[in-house]
Every structure is written in C-alpha cells, then in structure tokens.
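The values are calculated or read from the model by the stated rules, or taken from the named source; none is laboratory data. Computed from a predicted structure; not experimentally measured. Don't worry about glycine lacking a Cβ; one is built from the backbone with ideal geometry, like all the others, and counts go over all protein chains shown.
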Amino acid sequence: MIETFGTFTGIGVGPGPQEFLTLKSFNALMKADKVLVPRAKGSSNSVALTCIKDIDIQQDKIEFLDYPMSNDESLLSSIYLEIAAKIIADLKNKLNLVYITIGDPYIYSTYSYTVNALKELMPEIPISTYPGISSFQALSAALNFPLGQGKEKILILPCPETPDELRGHIEKNENIVLMKIGDRFDWVRNLLSDMDILEHCALGKRIGLDNEILTRDLIELNEDDKPGYLSVVLIRKFPAQGRIGH
C-alpha cells in the first residue's frame with residue numbers, strides 16, 4: 001500500500017503589507033491545517049507573522065518554530081533536523097502545512113535549510129514553494145528606483161566586512177543590492193561618498209512595517225534611522241537612464 005501524506009508548502013509573505021501576498025499563497029494559507037511560523041529562539045515575536053497579521057487565521061492553527069541565533073554548525077544542524085522530524089510527523093498524519101517566511105523563501109531564508117533537512121530525512125517528501133516579493137523589489141517599486149536597465153549587471157550581496165571588498169564589487173557591477181548591513185553602515189556610506197555615487201543610491205528599513213524608512217538621501221540619516229536588521233541599500237554606479245528622443 002502506498003503511503004499518503006499531507007502537503008507542505010513554503011510561501012513568501014513579502015516585506016510587510018498583506019496586499020503583497022500572491023493569490024496562490026493566500027489560498028494555501030486558507031486551506032492550511034497548520035501555519036508554521038519561524039522566529040528567533042527566545043523571541044515572542046515573528047516578523048513573518050506580523051506581515052499577515054490582518055489575515056483571519058485561527059490562532060490554534062499557528063505553530064512557532066524556534067531557530068537559534070547561532071553560528072554553531074552542529075547545533076544548527078540538530079535543530080533543523082529536529083524541526084524537520086516534527087514536520088514529517090504532521091505530514092504522515094495527513095495535515096496540510098504552510099510555512100511562512102518574510103520576503104522570498106529562497107533569498108537568505110531559514111526556509112531553504114529547513115527544506116534541505118526535510119529532504120535529508122525523507123527524500124521523497126512532496127514540497128511546493130510559492131515565491132514572495134523581496135524587500136529590495138518593494139524598495140525599488142516604492143521609490144521608482146530602477147534595479148537594472150538594459151544590460152546592466154545586478155549583484156545581490158550580503159555586506160562584506162571591509163570597504164575594499166565592497167569597492168571591488170561595485171567596480172565590477174553596475175548595480176548592487178546590499179543586504180545584511182548591520183553596524184557597517186557608516187563605512188558603507190563613506191565609501192559610496194568617496195566613489196561619488198551616493199546620490200544614485202537608496203535605502204529601505206522595515207519596508208512595509210511600522211517605523212518604515214524609504215529614502216534616496218543617505219546623507220541625512222540620523223543614528224536612530226541607520227540600517228540594522230530588515231534593511232537594504234540599493235547601489236547604482238551610474239544614474240538611471242531614459243530613452244526620450246531615441
């Protein structure tokens with residue numbers, strides 16, 4: 001007899017506004033027996049859940065998955081396998097599961113590691129993934145800021161540790177999406193100013209959420225407005241071009 005399972009679907013809930021959720025992802029949420037919500041271990045909040053706070057989901061369907069904020073590979077591996085085992089148990093009970101994650105599921109998300117753990121424990125497990133709007137796409141649209149034109153190259157980059165490394169990337173690419181900036185913003189801004197391209201750049205912080213910042217003026221950012229978690233800088237080496245008269 002062939003064993004049947006429930007369904008496992010990962011969805012990107014975008015950067016914040018529930019209207020950014022695709023219809024396909026919304027329909028999956030409405031059919032879910034459980035909504036799996038990732039959060040940092042020790043935290044009572046989840047940004048992903050905040051993104052869909054206005055969607056009517058029964059509280060008893062929500063299950064938090066706690067991930068440690070650690071660089072210990074052995075610890076992380078055991079946690080991911082532990083979470084995967086719980087998910088597989090639910091699937092064997094024929095539950096329909098939806099895993100929500102901010103932005104897009106496969107852009108710097110814990111979701112990808114969770115999927116790898118699921119496949120390690122059960123290679124034949126059926127997995128569906130629905131894309132979401134990323135923070136840099138939302139920032140680009142909000143500020144009418146072209147991410148790429150013509151044959152320009154776009155590099156999506158976690159912020160390097162040194163100005164020299166970032167300078168090298170800028171020299172090789174016309175446009176850069178700079179993520180995971182943390183406490184490096186001051187030297188990033190200084191570098192962009194030194195390269196005389198600061199005026200071509202933009203910044204978004206907590207896009208679509210409370211205390212949102214969207215700006216093309218990186219000079220005037222004060223201490224409280226500086227990037228941290230949930231921030232992105234869009235870097236253009238050259239100003240956007242038009243085709244009027246061509």
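Taken over region 29-68, the criterion of being of a type in the set (A, V, I, L, M) and either under 18 Å from the mean Cα position of the chain (by Cα) or under 17 Å from residue 84 (Cα atoms) (or both) is satisfied by 35, 36, 37, 40, 47, 48, 49, 52, 62, 65.
Residue-by-condition table, conditions (1) in a strand (DSSP E or B); (2) farther than 19 Å from residue 206 by Cβ; (3) within 17 Å of the chain's Cα centre (by Cα):
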position: 118; (1), (2), (3): no, yes, no
position: 123; (1), (2), (3): no, yes, no
position: 128; (1), (2), (3): yes, yes, no
position: 132; (1), (2), (3): no, no, yes
position: 138; (1), (2), (3): no, no, yes
position: 146; (1), (2), (3): no, yes, no
position: 150; (1), (2), (3): no, yes, no
position: 155; (1), (2), (3): yes, yes, yes
position: 160; (1), (2), (3): no, yes, no
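Given the options 29, 36, 65, name the one that is touching an Asp or Glu at 6+ places or on another chain (Cβ under 7 Å) and surrounded by 19 or more Cβ atoms within 10 Å (Cβ to Cβ). Don't jump to the end; show me each part of the working.
On the way: 29 fails: touching an Asp or Glu at 6+ places or on another chain (Cβ under 7 Å); 65 fails: touching an Asp or Glu at 6+ places or on another chain (Cβ under 7 Å).
Only one candidate qualifies: 36.
Give me the residue from region 92-106 that is at pLDDT 95 or above and among the hydrophobic types (A, V, I, L, M, F, W, C) and, out of that set, nearest to residue 209 (Cα to Cα). It comes out as 100. Do any strands (runs of 3 or more DSSP E) entirely within region 31-101 hold 2 or more residues that are within 20 Å of residue 125 (Cα to Cα) and touching a Lys or Arg at 6+ places or on another chain (Cβ under 6 Å), and if so, which? Result: 34-40.
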